1. Hey, fewest Cβ within 10 Å first, where do F102, F9 land in order?
2. In whole Hz, what ³J(HN,Hα) sequence does the stretch 115-124 give by Karplus (6.51, -1.76, 1.60; θ = phi - 60°), x for Gly and Pro?
3. Considering only DSSP beta bridges whose two residues both sit in the stretch 84-154, what percent are antiparallel, to the nearest 5?
4. Rounded to whole Å and sorted largest first, what semi-axes of the equivalent ellipsoid does the C-alpha gyration tensor of the chain yield via the square root of 5 times each eigenvalue?
5. State the percent of C-alpha pairs, over all pairs in the stretch 84-154, separated by a distance greater than 21 angstrom.
6. Taking 0.36 nm per residue of sequence separation and subtracting the Cα-Cα distance, how much length would be gained by fully extending the chain between I135 and K97, in nm to one decimal?
7. Under a straight-distance cross-link criterion of Cα-Cα below 13 Å, which aspartates and glutamates are reachable from K152, leaving out those fewer than 8 residues away in the same chain?
8. Could you name the lysines whose alpha carbon sits less than 23 Å from that of K97, not counting residues in the same chain fewer than 8 places away?
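FYI, it's all coordinate maths here, none of it is from the lab. Since the structure is predicted, the reported quantities are computational estimates derived from the model, not experimental observations. Ideal geometry is used to build each Cβ from the backbone, glycine not excepted, and the neighbour counts take in all protein chains shown.
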Amino acid sequence: MNHGDILDFAIDEATNQLVHIGQVRKGLQCNCRCPTCGRRLIARTGVRYRHHFSHLPDELRLEPCSGGPETGLHLAAKQIIARWRYVDLPPLIVTEKAKNQFGVECEATLSIPAERMHVVEAILPDETPWTDDWIPDVVLRAANREVRIEVKVTNGVSGSKQAKVQRDGFPHWSTTYPL
Ligand SMILES: [Zn+2]
């Protein structure tokens, strides 16, 4: 067993939807493709190992693919978040220090209290027209605000995207969810 080739999620060929290993028939009857390279996967649902998808061993030898597990988890997380009915936003406190006209250091603190945001609309910008020059993974909208969410599996927000988030004045924070 190739330990880099264990996928929990794959793309169903018939529906083009993400499916979990627990939802499919075994072997090639799963009719699934890798979310990264698009090649066919085998559903390995024997008794010895945790059930998982893997590439066809010969194909992997010819042309390796290591991104499938991460891409699958990333897609699954996006779809789960897009179904959230509410989000508990943590409090956000921003402190700025500056010298005033007399050269005295001053400090100003702005705080946004914690809030339960009720989602009225969820958008996956990858799948809809999106005009901004940075693309969040999921956008959740409430009556009075919008939250843009980045899913981190092993890679976080890129440096250039982080700069654009700051340029556009979005308050931001990160939260970790254990798998
Ligand atoms: Zn692949």
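1. F102, F9
2. 8, 8, 9, 8, 7, 9, 8, 10, 10, 9
3. The antiparallel proportion sits near 100 percent.
4. 42, 18, 15
5. That tail contains 48 percent of the Cα-Cα pairs.
6. Working: separation 38, 0.36 × 38 = 13.68 nm, distance 3.10 nm.
Contour length minus the Cα-Cα distance gives 10.6 nm.
7. Excluding near neighbours in sequence, the set is E70, D137.
8. Within the straight-line cut-off, K97 pairs with K164.
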